[in-house]
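Each remark here refers to the structure printed beneath this line.
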Amino acid sequence: MKLQQLRYIWEVAHHDLNVSATAQSLYTSQPGISKQIRLLEDELGVEIFSRSGKHLTRITPAGQTIIEKAGEILRKTESIKQVAQEFSNEKKGSLSIATTHTQARYALPGVINNFIAKYPEVSLHMHQGTPIQISEMAAEGAVDFAIATEGLDLFSDLIMMPCYRWNRSIVVEKDHPLTQKKQISLEDVAEYPIVTYVFGFTGRSKLDEAFIHKGLAPKVVFTASDADVIKTYVRLGLGIGIIADMAHDELIDDDLIAINASHLFESSTTMIGCRRGTFIRGYMYEFIELFAPHLTKEVVDQAFEKHNRAELDALFNSIQLPSH
């Protein structure tokens, strides 16, 4: 059994069983990958993939377990490399982050700018996706950190650390009737068509909970994962927008009015998640602290020593989170 063979079955499984696409991503040949997979199956005495002719059709039950174990081995191998790199050159390496559009567009630019200035030899990779996709990438070890508001709690093998609290604004055109009210209510908001985030994105669950609690049925006419898209459709007159406070820029969005809605909705918390057992290099600690200053190396180390969600919550309950 070779490490290369484990890499091949892991990558094929994560390229929708497309050996050709896997070969391109690994800069090798399709026949070479197919041969090595066959050799591994022969050695183990089980099929990892079912086939129809030359095409892989599905992962077998045995293959599913083997691929999971292969992933664990590959992650440990990567940790060994990280340890060696930390001692050979503590300011050189790579850092991969999976996050949502809102975080990438509004929360992270300043952090990344400062990080790159301090660590110019660290290659930084950002992946955008849904909260579930982001969490899966972190849980599988495909990225170092996942940053999101929703979805991270679905994966028990992630260490989740709270970064900051935030709330929402109602964005409307300048002549909208809501701009004339001293303080808007949920009933006021429910009178108008609403443009907001797709369910499962950027604290959308808190929005829905508020309306349900009041017995209101909001008229959500359009949803998107991107706050800039939401604002575009507000400008087209499709409805009023409900977005994260940070997503309204007074200079860029000077044609829209942002009405504070923090009294209408419970605040949301953005988290940074990291796979349990990850070897955190010095510059990775620093990135976390740049993004969330209360998450010092000492606090992060304490978080990694906790065994379950309840212990993590107890650790962070005493920390006053900043607002964004």
- Task: Would you check which residues across segment 124-137 are of a type in the set (S, T, N, Q) and surrounded by fewer than 21 Cβ atoms within 10 Å (Cβ to Cβ) and list them?
- Result: GLN128, THR130, GLN133
- Note on the structure: Contact list, first residue from segment 228-248 and more than 11 Å from GLU173 (Cβ to Cβ), second anywhere and aromatic (Phe, Trp, Tyr) and open to solvent by less than 30 Å² (accessible area, probe 1.4 Å), beta-carbon distance below 7 Å, six or more apart or interchain, is ALA244/TRP166; ASP245/TRP166; MET246/TRP166
- Query: Given the conditions (1) closer than 22 Å to GLU140 by Cα; (2) of a type outside the set (Phe, Trp, Tyr); (3) within 24 Å of the chain's Cα centre (by Cα), and given that ARG105 satisfies all but one, which numbered condition is not satisfied?
  - Reply: (1)
- Query: How many residues are open to solvent by 80 Å² or more (accessible area, probe 1.4 Å) and more than 20 Å from PRO61 (Cβ to Cβ) if we restrict to segment 8-32?
  - Reply: 4
- Task: Could you tell me whether any residue of segment 26-43 is at pLDDT below 90 and under 27 Å from the mean Cα position of the chain (by Cα)?
- Result: yes
- Could you list, in sequence order, all residues of segment 80-107 that are under 16 Å from TYR283 (Cα atoms), open to solvent by less than 30 Å² (accessible area, probe 1.4 Å) and not in a helix (DSSP H, G or I)? GLY93, LEU95, SER96, ILE97
- Query: Does segment 61-79 include one or more residues that are in a helix (DSSP H, G or I), at pLDDT 90 or above and touching a strand residue (DSSP E or B) at 6+ places or on another chain (Cβ under 7 Å)?
  - Reply: yes
- Task: Name every residue in segment 265-295 that is more than 29 Å from GLU72 (Cβ to Cβ), open to solvent by 20 Å² or more (accessible area, probe 1.4 Å) and among the hydroxyl-bearing types (Ser, Thr, Tyr), in order of residue number.
- Result: SER267, THR269
- Message: Contact list please: Cβ distance under 6 Å, first residue in segment 250-263 and open to solvent by less than 90 Å² (accessible area, probe 1.4 Å), second residue of a type in the set (D, E, K, R) and at pLDDT below 95, pairs at least six apart or on different chains.
- Response: ILE257/LYS174; ALA261/ARG168
- Query: When segment 138-155 is examined, which residues are found to be part of a helix (DSSP H, G or I) and either surrounded by fewer than 23 Cβ atoms within 10 Å (Cβ to Cβ) or not hydrophobic (A, V, I, L, M, F, W, C) (or both)?
  - Reply: ALA139, ASP153, LEU154
- Could you please let me know if LYS219 is farther than 30 Å from LYS92 by Cβ, surrounded by fewer than 15 Cβ atoms within 10 Å (Cβ to Cβ) and among the basic types (Lys, Arg)? yes
- Is segment 33-53 home to any residue that is of a type outside the set (Ser, Thr, Tyr), surrounded by fewer than 13 Cβ atoms within 10 Å (Cβ to Cβ) and either closer than 27 Å to GLY129 by Cα or touching a Phe, Trp or Tyr at 6+ places or on another chain (Cβ under 9 Å) (or both)? no
- Return the total of residues in segment 156-176 being farther than 19 Å from THR102 by Cβ, surrounded by fewer than 19 Cβ atoms within 10 Å (Cβ to Cβ) and not hydroxyl-bearing (Ser, Thr, Tyr). 5
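The values are calculated or read from the model by the stated rules, or taken from the named source; none is laboratory data. Keep in mind it's a predicted model, so treat the numbers as computed, not measured. In this analysis, Cβ positions are derived from the backbone assuming ideal geometry, glycine residues included, and neighbour counts consider all displayed protein chains. The area values use the complete protein model at the heavy-atom level, side chains included, leaving out ligands, DNA and RNA. Shrake-Rupley method; radii C 1.70, N 1.55, O 1.52, S 1.80 Å.
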